Amino acid sequence: MASTLFTQNIIACIWDFDKTLIPAYMQAPLFRRFGVDEASFWTETNALAENYRRRGYNIAPEISYLNHLLTYVLAGPMGGLNNKILRECGGEIKFYPGLPKFFEQSRTWAKAKPEYQKHEIELEHYIVSTGLAEMIRGSAIAPFVDGIWGCEFIENPLRPGFLKQKEFGLEAAAEIAQIGVMIDNTTKTRAIFEINKGTNRNPAIDVNAKVTPEDRRIPVQNMIYIADGPSDVPSFSVVKKGGGRTYAVYNPAVRAEFEQNDRLRQTGRIDHYGPADYTENGPTANWLHLQVEKICDRIVADREAAVASRVARPPRHLNATPEEEAAARKSAKPPKQTTFLE
């Protein structure tokens with residue numbers, strides 16, 4: 001008998017990281033550890049594309065900071081940087097108010113009503129960031145998320161001829177040397193479709209494979225995408241067009257961020273916006289809570305309507321009139337043995 005791949009009773013909150021969950025850029029603890037001036041690093045990074053263009057090279061702006069970080073490692077100021085250090089620095093990341101407690105508490109929203117529990121609705125949290133995945137994995141919020149997409153580095157890359165080697169020498173001083181994964185504002189949408197199709201849970205499902213809507217693990221209409229601004233417009237667009245919810249946050253201390261989010265709403269990029277404060281009963285927590293409940297209610301309604309449309313009504317007795325009952329008694333014959341078939 002044919003069956004669907006997934007039950008589609010999962011809700012996904014998909015989060016950006018920098019300026020969404022934290023007030024600054026996550027790399028700040030990394031720069032402090034190596035004594036690198038953060039402002040100088042970002043000024044140099046922002047100038048890379050133009051300077052390379054003058055030399056006849058084209059470089060994607062999104063990859064600039066990853067390359068420049070590797071140059072700092074190669075040139076010496078950040079020599080010895082490895083994934084272990086990235087995870088350690090991730091432990092120093094400071095989050096906006098209410099986090100990470102909000103991630104844990106919000107899961108209870110999908111179980112708040114008996115009908116939600118009956119349909120086994122679950123709320124999952126995912127982080128999709130152009131930042132460094134290892135730093136996020138080392139941060140305080142990592143235990144409360146169901147998946148992390150971010151940029152990754154390779155330490156001690158394999159050398160030419162490695163396929164002919166039977167053993168590899170172990171190097172004590174691991175150091176990042178190559179980019180393993182690069183997430184930019186456009187490829188974030190790939191992560192959304194991986195969550196949508198269930199690729200992250202079932203590697204046998206390729207993200208580029210054609211999967212019918214009813215076979216996708218988390219329909220886009222079951223998603224809420226939360227980020228801080230214009231760089232997330234591609235992801236906002238994918239989720240909003242698919243029937244999901246979109247929400248932008250701003251630092252309450254920065255008026256320009258508030259104005260930026262207001263423009264996003266006026267142009268229809270987002271459904272709503274609010275302060276990056278996730279404390280209980282605050283405007284952002286309340287809006288997200290309301291949207292999760294609305295999605296839960298729709299899941300319940302859709303699933304129960306599906307049952308009603310696919311299950312035939314059982315046979316029932318018809319109410320006879322007194323006259324009909326009397327006539328039936330007069331003509332009654334001894335009952336025959338009856339066999340009931342299911």
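Numbers below:
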read-out	value
I154 long-range amide H proximity, modeled H, under 5 Å	A177, Q178, I179, G180
Region 16-139, relative contact order in percent, only Cα pairs under 8 angstrom and at least six apart counted	35
Dipole magnitude (debye, nearest 20) for the chain, charges at Cβ of Lys, Arg, Asp, Glu	1140
Net length gained if the chain between N156 and Q260 were fully extended (0.36 nm per residue, minus Cα distance)	33.2 nm
Global geometry of region 144-254, whether rounded, prolate or oblate, following the gyration tensor of its Cα atoms and the 1.5 cut on a/c	oblate
DSSP beta bridge pairing in the chain, given as percent antiparallel to the nearest 5	15
For region 239-299, size of Cβ-based charge dipole, Lys and Arg +1, Asp and Glu -1, in debye	380
Cα centroid separation, region 220-280 to region 49-115 (Å)	20
Answer label, with semi-axes √(5λ) of the Cα gyration tensor in Å calculated from the coordinates and candidates [x] 54, 25, 18; [y] 46, 29, 20; [z] 28, 24, 22	[x]
Cβ charges +1 (Lys, Arg) and -1 (Asp, Glu), total dipole of region 1-102, debye	120
Counted charge near K197, where neighbours are those whose Cβ lies closer than 11 Å (Asp, Glu -1; Lys, Arg +1)	+2
Relative contact order (%) - the chain, alpha-carbon pairs under 8 angstrom, separation at least six	20
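No lab work stands behind these numbers, since they all come straight from the coordinates. These numbers were taken from a predicted model, which means no experiment stands behind them. We place every Cβ from the backbone using ideal geometry, glycine too, and count neighbours over all the protein chains shown.
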